[in-house]
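Encoded as structure tokens, the structure appears first; notes follow it.
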Amino acid sequence: MSLRALALDWSLDGPVGEAFLVLTAAAGLLYLLAARVGTRRDRRRRAWPRCRTICFLAGLAVLIVDLYSGIGTEADTRLSVHMVEHMVMWVVVAPLLVAGAPIRLAFFALPRPKRRALAGCLHSRPVSAVTGPFGSVSLFTGVLLVTHLPTVYGLALRNDYVHEAEHGLYLLTALLVWAPLLGADPLPRRPGPRGRLACMGACMLPMALIAVWLGTAPDPVYGHYLHTLGPAALSDQRAAATIMWAGCLPAFVVPILGHARALQRRRLFGVRSERAAA
């Protein structure tokens with residue numbers, strides 16, 4: 001895929017894509033409105049952090065480019081580009097949106113009675129279950145494995161509604177995974193350093209399984225790409241497996257190393273404190 005195709009070959013994929021684009025734009029406008037309202041309501045007139053706003057709007061912008069630029073267009077003909085599309089959503093868009101702390105912004109903008117209602121919703125059993133480490137990783141793993149089954153994958157390529165629903169599931173489950181890891185929002189169950197390491201390691205497992213499956217399969221797994229690429233479908237499939245290895249897995253390995261280092265520093269600090277007390 002050339003840079004020219006990336007810049008000029010844009011497509012909204014019909015009414016479903018247009019609706020998704022409108023929702024994305026509405027999310028950005030609502031975020032800006034909430035930041036402004038919250039600043040006016042704050043007694044000290046503290047402004048909502050600009051870095052949070054930049055992260056959230058950047059996440060929406062990358063999402064639009066990812067789905068409707070040449071990446072989204074070529075994803076229908078090349079599995080490798082389809083993998084890039086998903087990778088960007090998992091490891092770029094979702095962390096940026098989570099870093100924007102939209103739930104914390106809601107608390108910042110809402111009046112006190114509605115803050116209590118929101119806090120009660122966050123601490124309800126269903127929300128606590130899906131935002132907890134086990135629930136979020138389980139949903140992410142299940143969606144990832146099921147949507148890569150040949151039958152489901154082929155249906156998503158043939159039906160725009162299923163395809164956009166797949167994108168919505170990818171984004172939602174990725175947000176649920178990154179939210180407790182980054183800790184930008186006040187969620188009820190925040191894992192400690194060891195819990196975060198376990199979560200990120202668990203997220204890498206389904207990616208590794210899919211990458212090995214695609215990379216070692218003797219024939220193209222998805223028949224759709226045989227029609228679009230012909231004999232080159234197998235080499236493109238192996239490229240897709242490499243992209244998952246080289247792109248998605250390091251995105252989780254880097255935070256793992258960071259958390260491992262933080263955990264080591266805590267231990268060293270504890271040892272020094274014990275020695276000082278002795």
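Brief remarks on what is shown
- Unique match (being of a type in the set (D, E, K, R), in a helix (DSSP H, G or I) and either closer than 30 Å to Thr228 by Cα or touching a Gly at 6+ places or on another chain (Cβ under 8 Å) (or both)) among Arg52, Arg36, Arg115: Arg52
- Filtered residue count, region 1-48, keeping only those that are closer than 19 Å to Ala184 by Cα and either of a type in the set (Asp, Glu) or modelled with pLDDT of 90 or more (or both): 7
- Residue, farthest from Val62 (Cα to Cα), within region 118-128, restricted to residues that are open to solvent by less than 50 Å² (accessible area, probe 1.4 Å) and part of a helix (DSSP H, G or I): Gly120
- Qualifying residues in region 137-151 (those that are hydroxyl-bearing (Ser, Thr, Tyr) and under 23 Å from Val127 (Cα atoms)) - the one least open to solvent (accessible area, probe 1.4 Å): Thr141
- Ile256 over 28 Å from Phe108 (Cα atoms) and either hydroxyl-bearing (Ser, Thr, Tyr) or modelled with pLDDT of 85 or more (or both): no
One line per residue, one yes/no per condition, for (1) surrounded by fewer than 17 Cβ atoms within 10 Å (Cβ to Cβ); (2) part of a loop (DSSP other than H, G, I, E, B); (3) of a type in the set (Ser, Thr, Tyr):
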residue	(1), (2), (3)
Asp185	no, yes, no
Arg190	yes, yes, no
Cys199	no, no, no
Leu205	yes, no, no
Ala208	yes, no, no
Gly215	yes, no, no
Pro220	no, yes, no
His227	yes, no, no
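- Selection status of Leu96, touching a helix residue (DSSP H, G or I) at 6+ places or on another chain (Cβ under 7 Å), open to solvent by 20 Å² or more (accessible area, probe 1.4 Å) and at pLDDT below 90: no
- Residues of region 129-158 that turn out to be assigned to a helix (DSSP H, G or I) and either free of Cβ contacts under 8 Å to residues at least 40 places away in the same chain or basic (Lys, Arg) (or both), as a count: 13
- Boolean, Arg104 is out of contact with any helix residue (DSSP H, G or I) (no Cβ under 6 Å at 6 or more places or on another chain), open to solvent by 30 Å² or more (accessible area, probe 1.4 Å) and at pLDDT below 90: no
The values are calculated or read from the model by the stated rules, or taken from the named source; none is laboratory data. Bear in mind the structure is a predicted one, so any value in this text is a computation, not a measurement. For neighbour counting, all protein chains shown are included, and Cβ atoms are generated from backbone atoms with ideal geometry for every residue, glycine included. In case anyone asks, the SASA skips ligands and DNA or RNA and just uses the protein heavy atoms, side chains included. Shrake-Rupley method; radii C 1.70, N 1.55, O 1.52, S 1.80 Å.
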